[in-house]
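Read the figures in this text as sums done on the coordinates, not as results from a lab. It should be emphasised that the depicted structure is a prediction, and the values quoted were computed from it without experimental measurement. Reconstructed Cβ throughout: ideal geometry from the backbone, glycine too, with neighbour counts over all protein chains shown.
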Ligand SMILES: NC(=O)c1ccc[n+]([C@@H]2O[C@H](COP(=O)([O-])OP(=O)(O)OC[C@H]3O[C@@H](n4cnc5c(N)ncnc54)[C@H](O)[C@@H]3O)[C@@H](O)[C@H]2O)c1
């Protein structure tokens, strides 16, 4: 059964892949994004794009009131851990402020389902891994704290107002649309896989490996890389249980890969050597973060199709080779909706 969904941050990396998955199954999709880190070209034909800031409370209320919606997916956020350590109040104010106002608008306008992009950064580095859903909140950064606060706000939105929600804690999102339509394009890029790919393609001089003396098999940090298409699949699956109750799931493959293993995977799939430099540890990087993601497998039958690191790297490489300058070299796929009408309706 198809539906109508509002997707904040749907022009960004993860959000654009969920928009594609919704469009692929015939849903009606409206993206709300101010394009600070997202791209018009990442909004595939068939979705409507409203360019707006979630900070604009009147506009958000106007858009959410334009229902009925079957659900709201909330991806839009500031999401760089290091930045949040430098500017904690901006992260708390913006992520929590915009998120809570969006949740309140959903309650006001009787949106039945809400899906939050949450994060493994909810859990402190002192946790032993794998980390499952029984772990307590213990964020190491204001970014993680802001997501923990939104999860709590959603708890109360359900308890007081009956808004059903899913909090999906992604570990390291990576890869690209296997059909080649979408990929990862942040400026500056902070994620390992696209940085390593750029080094392999000669678009960066080298990749810095921060720390090689961690208590891991090869001394470099270990993370759980989950393919963005598998994340999209999980987002579609959680809509069913939201008919009756709220849920929280950790999303990862349950397998960890070190920084050196990511480099080797990119070397294998690209057939090129990745120039690298060893650098000191970065503050706040935990040695190992692996998801205990059995709960969503058990409850919803979710099974990552791209659990193999080479398969994840291959899709990311395919997109980057076709788009060496990111979306700037992509085709314009935007279908822009009635932004002008909306803007006037709100500001008149
Ligand atoms: N990428 C990961 O590995 C990862 C891991 C865990 C959690 N997450 C979460 O997933 C979500 C998406 O991450 P991403 O990597 O796709 O990030 P992204 O930066 O690519 O996408 C975020 C999108 O939200 C938009 N946006 C941000 N603030 C906005 C605002 N105030 N109003 C309107 N639009 C706004 C941006 O323009 C962008 O298109 C974030 O909430 C992030 O915290 C991502």
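From the square roots a ≥ b ≥ c of the eigenvalues of the alpha-carbon gyration tensor of the range 1-118, which class results: rounded (a/c under 1.5), prolate (a/b over b/c), or oblate?
oblate
Neighbour counts of other C-beta atoms within 10 Å: give me 69, 156 arranged from fewest to most. All intermediate terms of the calculation are to be shown ahead of the outcome.
Values: 69 22, 156 12.
Listed from fewest to most nearby Cβ atoms, that is 156, 69.
Could you calculate the FRET efficiency of residue 134 with residue 218 from 1/(1 + (r/R0)^6), where r is the beta carbon distance between them and R0 is 30 Å, rounded to 0.05?
Efficiency, rounded to the nearest 0.05: 0.50.
Expressed as an acute angle from 0 to 90° and rounded to the nearest 10, what is the orientation of the C-alpha long axis of helix 142-161 relative to the principal long axis of the chain?
Tilt relative to the chain: about 30 degrees.
What distance in nm separates the two pseudo spin-label positions at residue 325 and residue 108, each 7 Å out from Cα along the beta-carbon direction?
4.2
From the helices alone, meaning DSSP H stretches of at least four residues, give me the mean residue ellipticity at 222 nm for the chain, per-run term -39500 (n - 2.57), in deg cm²/dmol to the nearest 500.
So the helix-based figure for the chain works out to -10500 deg cm²/dmol.
Rounded, prolate or oblate: which fits the chain when a ≥ b ≥ c are the square roots of the eigenvalues of the alpha-carbon gyration tensor, with rounded for a/c under 1.5 and prolate only if a/b beats b/c?
Numbers: a/c = 1.68, a/b = 1.35, b/c = 1.24.
It is prolate, given that a/c is not under 1.5 and a/b is the larger ratio.
Shape verdict for the range 164-250, please, from the Cα gyration tensor: rounded (a/c under 1.5), prolate (a/b greater than b/c) or oblate. Spell out each step's value before the answer.
Details: a/c = 3.31, a/b = 1.67, b/c = 1.98.
The shape class here is oblate.
Residue 24 label point, 7 Å along Cα→Cβ, cut-off 18 Å on backbone N: hits in the range 300-331?
Residues 301-308, 311-320 fall inside that zone.
Relative to the longest principal axis of the C-alpha atoms of the chain, give the angle of the C-alpha long axis of helix 259-270, reported between 0 and 90° and rounded to the nearest 10°.
90
How do 227, 161, 186 rank when sorted from fewest to most other Cβ atoms within 10 Å of their own Cβ?
Values: 227 26, 161 13, 186 17.
Lowest to highest Cβ neighbour count: 161, 186, 227.
If neighbour count is taken as other Cβ atoms inside 10 Å, put 63, 160 in order from fewest to most.
160, 63
Using only the alpha-carbon atoms, how far is helix 97-108 inclined from the longest principal axis of the chain? Give it as 0 to 90 degrees, nearest 10.
In the chain, helix 97-108 runs at an angle near 40 degrees to the longest axis.
For the chain, give the share of DSSP beta bridges that are antiparallel, in percent and rounded to the nearest 5; count only bridges with both residues there.
In the chain, DSSP labels about 5 percent of beta bridges as antiparallel.
In nm, what is the difference between 0.36 nm times the number of residues separating residue 298 and residue 152 and their Cα-Cα distance? Don't skip to the end; give the middle numbers.
Values: separation 146, 0.36 × 146 = 52.56 nm, distance 2.43 nm.
Net length gain for the segment: 50.1 nm.
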